[in-house]
Amino acid sequence: MGSVLMKNRIVQLFESKKEGILSIFYTAGFPTVDDTVPIAVALAKAGVDMIEIGIPFSDPIADGPIIQQSNKQAIEGGMRVAVLLEQVAHVRKQTSIPIVLMGYLNPVLQYGMERFCQQASRAGVDGVILPDMPMAEYLQRYRELFRANGLLNAFLISPTTSELRIRAIDSVTEGFIYAVSASSTTGTRHQFEAEQIAYFERLRALGLSNPYLIGFGISNAQTLATACRYAAGAIVGSSFIQHLAAQGVDSAAIQQFVHDLRQPAP
Amino acid sequence: MNKPRYEVDTQGYYGQFGGAYIPEMLYPNIEALRERYLAITSEPSFQQEFQALLRDYVGRPTPLYWAKRLSEKHGARIYLKREDLCHTGAHKINNTIGQILLAQRLGKQKIIAETGAGQHGVATATVCALMGMECMVYMGKLDMERQRPNVERMRILGTQVVPATSGNMTLKDATNEAMRHWINHPTDTHYIIGSVVGPHPYPDMVARFQAVISEEMKRQLIEKEGNPFPDYVFACVGGGSNAAGAFYHFLADEHVQLVGVEAGGRGIDSGESAATTALGKPGVLHGSRTLLMQTDDGQVVEPHSISAGLDYPGIGPMHAHLFDIGRVTFVNVTDDEAMKAGVALSRTEGIIPAIETAHAMAALDQFEFDKDDVVVINLSGRGDKDLETYIKWGQY
């Protein structure tokens, strides 16, 4: 790992914290275009370990209705990559929380991958997740660019990913792996099924060299606690977006949301 | 000098277009297809079953009809490849027969599909009924309204038609919903994509199943003209499956002029168009890198066409490549021109074409032919499903 990545905030997070990591996902520009920064600041203040900010896209095929709706509203409200990068720079002035940008490949391609990486790095972004970017394309075309800009790329794995492929992904990961809890689009669920638990156990038994976070379907204290038993931590997305849709961006309400999530399971 | 490549390469690309841009949840399905589609479809037992169904069930070969009055009108020797005479009324069934046989061999129990005009949905519902498989078709809510007879045909065939209510509620949105369904049901379900779009190997697989169109054209042209090569082949292009089939066996014969006709909608400068080669630039949608109508921010632009089957903001990556290297000439015609051409064909030859197909007919006016030119138009579908649109348009 190059020296630039040693200073990466995500790397530092996973070095200092081995369990119970909570990452929160939300869509940039939702509910309104100006909300990206205050939400990030409130999440940092609430003690969240990492934030993932979604770059909205018109055709989010891996997302369920909640995140689809937030994407639509964000685009209509004027969110775009250039605006988001400026907002991240503002967030970065106020907090040192690790920041990941997550989105579909096309908006980033149109912005220009090189320009995106350079400006994201300058704004204070630590990692990028582009679920529809093929691994081969990343390795051949973008890995050096990411490294040169001190950005980590996280790959997804799902219950249908073969062990061979999980190991291949582990071998090219610098940071963490995003383990999707079920073969599904994003959304909320109240509890995990037995087959998901079996998958988490299988994953834990692989002894991967990188930490992994479990995401998709983590929506309450119970699912979060379960995920954290099997992984370095978990990612909450749709249920936080539901919270924002219902309660707005009030900092105290966001802190309460995070507090409730971290309650020990009954 | 290297000869230009027309077929897909081993990585799934046509030049700079193609590939498989999919979230990890779909990777195992796409990988299994990629590894097995060529082996399975070249097995003798597959070919035997496929050919028998095309012959006895679909009604192939479809006629290549010399359109005498249309020829006189345009001053050329015009032939119509009668895909409209296929069972279910369009070329779409060539592909659904192929894919359902493939799905069976992959051990899948359920089928999903997207549909625009409903022709692919009906063709999928039909083969699912034939094989006794459970079928679910996603269709944009707007398309369900403007292609109501096809919705009911699917229901009669025992298929569940699910309205897609996101976006413009047309083909793009139906495709999004079908992909989401597949992500949620990856192991027991096969997704029958209806056009030469989607992640590799879909574009190549669908093109191969549709290639029977140009294979027959060549044979029939030898019979009728003593020469397998026409001067022109015309086909309409939404995603581009009928065009892929009509062009396929002529791609290497560079003296054959291939013309793809896109939906200009209300005109390419009107902001309400689906003419992707005129308005698009390279981007990634529905699993492949292709030409795409999009904003500077990379948000996909909602297309417009009077024809539900052409109302799509992209084209298949193969067509993007053929456009890029200049092998296929792309033109576009407006809603109005297409409707007029549909009525004109009805009155000249007694054939009411699908509005998609009417676009290909309308493009004839943009060309000046020599009287000996042999021109083949792929008559991809019949107009029964479009009666309401014809009635609403009213100028006949």
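Things to note:
- Among the residues of segment B:149-167, those that are surrounded by 18 or more Cβ atoms within 10 Å (Cβ to Cβ) and closer than 18 Å to B:Val300 by Cα comprise B:Ala164, B:Ser166, B:Gly167.
- Single match in B:Glu388, B:Glu356 (criterion: open to solvent by 10 Å² or more (accessible area, probe 1.4 Å), outside any loop (DSSP other than H, G, I, E, B) and either within 14 Å of chain A (Cβ to nearest Cβ) or closer than 21 Å to B:Val197 by Cβ (or both)): B:Glu356
- Residues of segment A:132-145 satisfying the condition of being open to solvent by less than 20 Å² (accessible area, probe 1.4 Å) and at the interface with chain B (Cβ under 10 Å from one of its Cβ atoms): A:Asp132, A:Met133, A:Glu137
- Checklist (1) more than 14 Å from chain A (Cβ to nearest Cβ); (2) touching a helix residue (DSSP H, G or I) at 6+ places or on another chain (Cβ under 8 Å) applied to B:Leu221, failing item: (2)
- For segment B:387-394, the criterion of being aliphatic (A, V, I, L, M) and out of contact with any strand residue (DSSP E or B) (no Cβ under 9 Å at 6 or more places or on another chain) is met by at least one residue.
- The number of residues in segment A:225-248 that are part of a helix (DSSP H, G or I), over 21 Å from A:Pro65 (Cβ atoms) and open to solvent by less than 10 Å² (accessible area, probe 1.4 Å) comes to 1.
- A:Ile166 meets all of the listed conditions (1) surrounded by fewer than 23 Cβ atoms within 10 Å (Cβ to Cβ); (2) free of Cβ contacts under 8 Å to residues at least 40 places away in the same chain; (3) hydrophobic (A, V, I, L, M, F, W, C); (4) within 12 Å of chain B (Cβ to nearest Cβ) but one, namely (2).
- All positions within segment B:50-59 that are part of a helix (DSSP H, G or I) and open to solvent by less than 100 Å² (accessible area, probe 1.4 Å): B:Phe50, B:Gln51, B:Ala52, B:Leu53, B:Leu54, B:Tyr57, B:Val58
- The helices (runs of 4 or more DSSP H) falling completely within segment A:6-77 that include 3 or more residues that are open to solvent by 10 Å² or more (accessible area, probe 1.4 Å) and either under 22 Å from A:Ser219 (Cα atoms) or hydroxyl-bearing (Ser, Thr, Tyr) (or both) map to A:36-45, A:65-76.
- When we screen B:Tyr27, B:Tyr14 for residues that are of a type in the set (Ser, Thr, Tyr) and either more than 14 Å from chain A (Cβ to nearest Cβ) or in contact with a strand residue (DSSP E or B) (Cβ under 8 Å, 6 or more places away or on another chain) (or both), the only hit is B:Tyr14.
- Some residue of segment B:107-130 being among the charged types (D, E, K, R), open to solvent by 40 Å² or more (accessible area, probe 1.4 Å) and under 23 Å from B:Glu31 (Cβ atoms): yes
- Exactly one residue among A:Val81, A:Val88, A:Val108 is away from chain B (no Cβ under 12 Å), of a type in the set (A, V, I, L, M) and open to solvent by less than 50 Å² (accessible area, probe 1.4 Å), and that residue is A:Val88.
- Count - residues of segment A:189-212 that are more than 14 Å from chain B (Cβ to nearest Cβ) and either under 16 Å from the mean Cα position of the chain (by Cα) or at negative phi (or both): 16
- Counting the residues of segment B:311-330 that are farther than 26 Å from A:Leu109 by Cα and either at pLDDT below 95 or crowded, with 21+ Cβ neighbours inside 10 Å (or both) gives 1.
- Only one entry in B:Val206, B:Val233, B:Val237, B:Val259 is among the aliphatic types (A, V, I, L, M), closer than 26 Å to B:Ser42 by Cα and at pLDDT 95 or above, namely B:Val206.
- Cross-chain or 6+ apart pairs with Cβ under 6 Å, segment B:147-172 first and among the hydroxyl-bearing types (Ser, Thr, Tyr), then open to solvent by less than 60 Å² (accessible area, probe 1.4 Å): B:Thr159/B:Ala125; B:Thr159/B:Cys135; B:Thr159/B:Val137; B:Ser166/B:Asp173; B:Thr170/B:Gly140; B:Thr170/B:Asp143; B:Thr170/B:Asp311
- Checking every residue in segment B:60-79 against the condition of being crowded, with 23+ Cβ neighbours inside 10 Å, of a type outside the set (Ser, Thr, Tyr), in a strand (DSSP E or B) and not assigned by TED's automatic domain parsing to the domain that holds B:Val374 gives zero matches.
- The number of residues in segment B:252-300 being buried (at least 19 other Cβ atoms within 10 Å of the Cβ), away from chain A (no Cβ under 14 Å) and closer than 25 Å to B:Arg5 by Cα comes to 10.
- Any hit, segment B:189-204, residues being open to solvent by 10 Å² or more (accessible area, probe 1.4 Å), within 14 Å of chain A (Cβ to nearest Cβ) and either in a helix (DSSP H, G or I) or in contact (Cβ under 8 Å) with a residue 40 or more places away in the chain (or both): yes
- Only one of B:Glu337, B:Glu302 that is in a loop (DSSP other than H, G, I, E, B) and not aromatic (Phe, Trp, Tyr): B:Glu302
- Search result, residues across segment B:220-258 that are in a strand (DSSP E or B) and among the polar types (S, T, N, Q): B:Gln257
- Flag if A:Ser209 is surrounded by fewer than 17 Cβ atoms within 10 Å (Cβ to Cβ) and in contact with a helix residue (DSSP H, G or I) (Cβ under 6 Å, 6 or more places away or on another chain): yes
The values are calculated or read from the model by the stated rules, or taken from the named source; none is laboratory data. Keep in mind the model is a prediction, meaning the values are calculated, not measured. Every residue, glycine as well, gets a Cβ built from its backbone with ideal geometry; the counts of neighbours run over all protein chains shown. Just so you know, the surface numbers come from the protein's heavy atoms only, side chains and all, with ligands and any DNA or RNA stripped out. Shrake-Rupley method; radii C 1.70, N 1.55, O 1.52, S 1.80 Å.
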